[in-house]
Amino acid sequence: MESLHNALGVLNSYLWGPPMLVLLFGTHLVLTFRLGFIQRYLPLAIRLSLRRGAEAEGDVSHFGALTTALAATIGTGNIIGVATAVSLGGPGAVLWMWLTGVFGIATKYAEALLSVKYRVRTQSGAMAGGPMYVLERGLGARWAGVLFAVFTAVAAFGIGNMVQANAVASMAAEITSDGRAAWVVGAVLMLLTGLTILGGIRSIARVCEILVPFMAAFYVLGCLLILAAGYRTLPATLALIVRMAFDPGAAAGGFLGGIIAGAARYGIARGLFSNESGLGSAPIVAAAARTRNPVRQALVSSTGTFWDTVVVCAMTGLVIVNAGHWKEGVEGVALARQAFAQLHDIGPLVLNAGLAIFVFSTILGWSYYGEKAVEYLFGSRAVLPYRVLWVCAVMAGSVTALPLVWEFADAANALMAIPNLASLLLLNGVIVAETRKYLWAGRIEEEDTE
């Protein structure tokens, strides 16, 4: 196990080296520029996400697709991921996570647009889409679509299953000081997951439409209460985050080396893990949405990155850095727990309940991503076996060592992101053309008046 952990660490040092950071953040910047700072349409996008809209082709509503995507993205990355980024990259990692979210809105918009444009209807009558179909139908590169689907089917067990189950099981074991708690948590998660995912995307969406708004509001309100209690140190905390984002570090080998090796490396990596902009996962469920045109759903999908990283991750980062326990070498779950313990009764409740709900919803959302990837590779006959394996993996993740799971998730993320980012850059002309046709021509607003 130790040798595997070391091997994954070496692999991630290459996968998440300067080339990947440049490719990921560079794609965010290129698409932001090409789309005329699409982030300025965020108010419109939020309004669209809250409307039922007219009937159109698809399996779930705008809101159902958005909440399912948010269920998959708002997870341990928003709590444990932020804590890990701070402990490894320092307070400055919070700013890099936030910037990844701001500029990642453009990437989330672009990948959702392409996934809706190139989606297909399967033999069972359901919609299917995502980067694998974009690569195949948009670029004529089925081999690349197959690679993405393979990476997604495998990666789902890391980022969307084992990491999630491990986080909540570890916290339960730490709180109770009983290792058996991890097995109990795993068993409960297995049962709830199995009951929900057997009903497919409609069942998942129904659960997520209820869970996601509640869990997000509950968590953000709790964070605000904690920050209000420590308001005196907030200005200094904000200044520290900005300053440390560009601090070279004593052992990093210069300014650029410090950024890549420290704050940016972990901030961007954990930012991607959290909001998944550029990863290519969320567009898979965006393709199932009932929508009149690709741009409409792309706008709705882009709000997911805003809520996930610009709001939720920022709240977590401020709470953790403001608490100051990161200076003591505390990491992961323990760092998050100590930070939230500032507000004695409310803090632990917000953290524990928030993490439990985040974990469950993420496991549901990612089960659909993995399922659609397997369906692309092997057809609908492979869906049921994958679901069974998925449910079993929940227990495995609950009792697997955290460092190994995180390393695995980081590697899987990078392998998914590479073909997806390549398709976004190669098809940026299509993205701009569709945006011009519907958004810049004012057709989105016209449809709302029909």
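Read-outs throughout are calculated quantities, based only on the coordinates presented, and are distinct from any laboratory measurement. Note that the structure is predicted; figures quoted are calculated from it, not measured. FYI the Cβ positions are ideal-geometry reconstructions off the backbone, even for glycines, and counts take in every protein chain you see.
Simple rule: put +1 on each Lys or Arg Cβ and -1 on each Asp or Glu Cβ in the chain, find the dipole, and look at 203, 221, 246; the Cα lying farthest toward the positive end is 203.
For segment 2-442, the dipole from Cβ point charges (+1 on Lys and Arg, -1 on Asp and Glu) about the Cα centre works out to 1340 debye, to the nearest 20. Return the whole-Å distance between the Cα centroid of segment 197-237 and the Cα centroid of segment 55-129. So the two Cα centres are separated by 16 Å. Considering helices alone, the calculated mean residue ellipticity of the chain at 222 nm is -23000 deg cm²/dmol, with DSSP H runs of length four and up weighted by -39500 (n - 2.57) and normalised per residue. The value obtained for the chain, namely the Cα convex hull volume divided by the number of residues, is 134 Å³ per residue. Taking Lys and Arg as +1 and Asp and Glu as -1, the other residues whose beta-carbon sits under 12 Å from that of residue 77 total -2.
Taking the 0 to 90 degree range and rounding to the nearest ten, how far is the long axis of helix 200-229 tilted relative to the main principal axis of the chain, both from C-alpha atoms? Approximately 40 degrees, to the nearest 10. Between 0 and 90 degrees, rounded to the nearest ten: what's the tilt of helix 2-15 against the longest Cα principal axis of the chain? The angle comes out near 60 degrees.
For the chain, a Gaussian network of Cα nodes joined below 10 Å ranks 170, 61, 13 by mean-square fluctuation, and the top entry is 13. Seen against the Cα atoms of the chain and their longest principal axis, helix 180-197 is set at about 10 degrees.
If the chain linking residue 187 and residue 37 were pulled fully straight, counting 0.36 nm for each residue of separation and taking away their Cα-Cα distance, it would gain 49.4 nm.
Taking 23 Å as the straight-line reach from the Cα of residue 117, the lysines in range (excluding those fewer than 8 positions away in the same chain) are 108, 372, 437. Extending 7 Å from the Cα toward the beta-carbon at both residue 6 and residue 246 defines two label points whose distance is 3.9 nm. With Cα atoms defining each centre, segment 338-368 and segment 276-337 are spaced 14 Å apart in the structure.
Taking all Cα pairs closer than 8 Å and separated by 6 or more residues, the relative contact order of the chain comes to 36 percent. Positive end of the dipole of the chain, charges at C-beta (+1 Lys, Arg; -1 Asp, Glu), about the Cα centre: which of 423, 22, 343 has its Cα farthest in that direction? Sorting the options by dipole projection puts first 423. Taking the Cα centre of segment 7-102 as reference, the dipole from Cβ charges on Lys and Arg (+1) and Asp and Glu (-1) amounts to some 300 debye. For the chain, a Gaussian network of Cα nodes joined below 10 Å ranks 165, 373, 45 by mean-square fluctuation, and the top entry is 45. Comparing 394, 311, 295 in a Gaussian network model of the chain where C-alpha atoms under 10 Å apart are linked, the largest mean-square fluctuation is found at 311. Taking Lys and Arg as +1 and Asp and Glu as -1, the other residues whose beta-carbon sits under 13 Å from that of residue 338 total -1.
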